[in-house]
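The values are calculated or read from the model by the stated rules, or taken from the named source; none is laboratory data. Fair warning: this is a prediction, and the values are worked out from it, not measured in the lab. Neighbour counts are summed over all protein chains in view; Cβ atoms, including those assigned to glycine, are modelled from backbone coordinates with ideal geometry. When the accessible area is computed, the model is the full protein with side chains, heavy atoms only, and any ligands, DNA or RNA have been set aside. Shrake-Rupley method; radii C 1.70, N 1.55, O 1.52, S 1.80 Å.
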Amino acid sequence: MRRLRPLMAGLGCLLLAACGGDGTRVELDTGEIGPDAAGFNPASLSTATANGRHAARIDAIASDDDALAMRGFIGRDDNLDIRDPEGAVIWRMADYDFLSGDPAASVHPGLWRQARLNNQYGLFEVVPGIYQVRGYDLANMSVIEGEAGRIIIDPLTSVETAQAALALVNRELGDRPVSAVILTHSHIDHFGGVGAVAGPDTPIIAPAGFLEASVSENVMAGIVMGRRAGYMYGTQLPRSPRGHVGSGLGKHPALGTHTIAQPTHVIDATGQTLEIDGVRMEFQYAPDTEAPAELTVFFPDLQAWCGAELVSRTLHNLYTLRGAQVRDALAWSGAIDDALRLFGPRTEVIFNSHHWPVWGQPEAADYLVAQRDVYKFIHDQTLRLAAQGMGPDEIAEAISLPESLAEIFAVQGYYGTLKHNARAVYQRYFGWYDAVPAHLDPLPRTVAARRYVEAMGGVEIVVRMALDAHETGDDRWAAELAQHAVFAAPDDAAARDVLARAYEQLGYAAESAPWRDVYLTGAHELRNGVAALDATAAGSAILNEIPLDMFFAAMATRLDSERADGRDRSFNFIFADVGETHVVSLSNGVMHHRQDQAEEAADATVTLTRAFWMRLLQQEAGLMDMIGSEEFAVQGDRLALLGFFAMLEQPQADFPIVTP
Ligand SMILES: [Zn+2]
């Protein structure tokens, strides 16, 4: 299995949001006695009891989502199974067939319900003239019938899933050309398949900042985000009642080939209108909400609003567990309020980029009010509680939805959670420091673990205490204790086992799919170690759109400053084919770069092509390829240049998480 090239690995993973694993899935074991084939234990009595209690509450507030998720169903590919040319699974709905059975004790009943609803896949009529393909990927592909063809909104994550979705549309509704594509925002599940639906002359409508945001979020910190995304989406987990059941937002990010397109129509102001293929559209520009670049679109002749991912049928993330800068709860809530005022009175149906639509004007307005209120509630109440002197841990523990919102399914925490979103608000205003002086300079976690364990009487005693806590259903405390034991004695099998058991039950009890996947992946890695990264390609079409500047900025974060200190140098990189010159310089163990004229006094001048540079960064070309290459020439001090390359550290894409 080929490893992802280190510099690109994190980016690739993030683009895929699902690196790792060899594509094999452990078969479902429905037996409740003993561990299943993947080593996952049954729900404990206390987990089963807690989930049972939630089930009663969920039954009591049951809504008609089952009917709505199937409303307007037209057709689908039975046993939808999309593979790459080598036969590796890109998308396979049959993996989730187990969700049609009775809810398992090992899954939060709200999450089970959400996962079952997200299993409803196929082509659906929203209203005459508007259709959606749902469940062919993490997100929805929406279709608006124009005079001569179809406008596609959000062509999914990969070329392969988008092709399958478009084929379904053409088969069920008749062949028609694509007259325009709308990319609602800068997350790959909404644009990666654009290559399958757009030709070279297809109008592409996107929000201002789309291209930059879509390629940039993951370049700098991609390696770490990629590793963490594997936890958040449960990439390694079997699809089963004791494994991954879905992401809350949909099933999971699709694999496959990713593409991107240059927008031809940029939306940078609310109120902007367009008419394409006889379809009138009013846009809302909503940056810095769910994504850095996002738009929504209202179709006045159809009285329909596409809310993109501003609104969905779950509480979304103010902070995403893969790691990213926290989102602005006020801007997000404010944008929903704007939509409510601008489009609400004229809206008979809301259809979004995830989940099933909302039909009826009063229902649509109520839905927007709840979506708007939940983000502002989290924002305002977090600050209220902080002003009582609470830190992020206490706020997360204290905050709960008011009864009026607690009864609305579409704001429950199947993706984001109230707890981690409250922490995100705290972080946005106050940062990592909770003002407790002891937390200003804490001992590193491994040192603290050793000393806690020593103070408590040794690993065996701590493991015993953790086991006792686990057996009484106190799994948060069990995990806290066992985490110290594992970090103090990573080879202690009993410590790892009890930590895995605690994580397992925390996963089974979690309402949020990402929480479930994080805990269960932790248990899985404690038992099986870290799996080798998948060999899936990193989406070169997207890499080609990344400005060279960003690669140099990312390169600076690879510099081993100790090796660089005292070796001040400068180098010119002349990209002849794209007409850019970048000057790299070292001082005080720090790398700087700027796009500029070549420096006379540079130690060396490299003339190369962007394509060669890409291959070098991805280690598809090595130092030997530089010699005699027509795409690469060096003038000046070659040894200094080689010395510089040697100062760049290879990131560790599979770093440990649940062990030191
Ligand atoms: Zn999305």
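For the chain, the fraction of 1.4 Å probe accessible surface lying on carbon and sulfur atoms is 51 percent.
Give, rounded to the nearest 20 debye, the magnitude of the charge dipole that the stretch 521-660 has about its Cα centre when Lys and Arg contribute +1 at Cβ and Asp and Glu contribute -1 at Cβ. If you can, show how the numbers build up before the last one.
Working: 9 positive and 21 negative charges, 59 e Å.
Here the stretch 521-660 has a charge dipole of around 280 debye.
The alpha-carbon positions of the stretch 181-283 define a convex hull whose volume is 137 Å³ per residue. Computed over the chain, the P(r) tail beyond 39 angstrom holds 35 percent of alpha carbon pairs.
Ratio of alpha-carbon Rg to the 2.2 N^0.38 Å globular estimate for the stretch 593-660, to two decimals, please. Don't jump to the answer; show the numbers that get you there.
Working: Rg = 15.3 Å, N = 68, 2.2 N^0.38 = 10.9 Å.
Taking N as the residue count of the stretch 593-660, the ratio is 1.40.
Computed from point charges on the beta carbon alone (+1 for Lys and Arg, -1 for Asp and Glu), the dipole magnitude for the stretch 419-530 about its Cα centre is near 360 Debye. For the stretch 492-510, backbone nitrogen atoms closer than 17 Å to the point 7 Å from Thr472 Cα along Cα-to-C-beta are found at 502.
Taking all protein chains as shown and a probe of 1.4 angstrom, Lys419 keeps an accessible surface of around 60 Å².
Taking the Cβ-Cβ separation of Gln303 and Glu630 as r and a Förster radius of 51 Å, what is the calculated FRET efficiency to the nearest 0.05?
Details: r = 60 Å, r/R0 = 1.17.
The computed FRET efficiency comes out at 0.30.
Accessible area per residue for the chain, computed on protein heavy atoms with a 1.4 Å probe, is 40 Å². FRET efficiency for the pair Glu212 and Glu649, taken as 1/(1 + (r/R0)^6) with r the Cβ-Cβ distance and R0 = 22 Å, rounds to 0.25.
Dividing the Cα radius of gyration by the Kirkwood radius, what Rg/Rh value follows for the stretch 304-439? Walk me through the numbers before you get to the answer.
Values: Rg = 15.7 Å, Rh = 15.5 Å.
Answer for the stretch 304-439: 1.01.
Here Trp112 sits with roughly 0 square angstrom of accessible surface, probe radius 1.4 Å.
Pull out the extension gain between Asp288 and Asp59, defined as 0.36 nm times the separation in residues minus the alpha carbon to alpha carbon distance; nm, one decimal.
Value of the extension gain: 78.8 nm.
What is the dipole size for the chain, taken about its Cα centre, with +1 at each Lys and Arg Cβ and -1 at each Asp and Glu Cβ, in debye to the nearest 20? Working shown, then result.
On the way: 50 positive and 87 negative charges, 157 e Å.
Roughly 760 debye for the chain.
Rounded if a/c is under 1.5, else prolate if a/b is larger than b/c, else oblate: which is the stretch 368-520, with a ≥ b ≥ c the root eigenvalues of its Cα gyration tensor?
Working: a/c = 2.88, a/b = 1.60, b/c = 1.80.
Judged from the Cα gyration tensor, the stretch 368-520 comes out oblate (a/c at least 1.5, b/c at or above a/b).
Computed with a 1.4 Å probe on the full set of protein chains, the accessible area for Trp91 sits at about 0 Å². Length available on full extension from Ala67 to Ala94: 0.36 nm per residue minus the Cα-Cα distance, which gives 7.6 nm.
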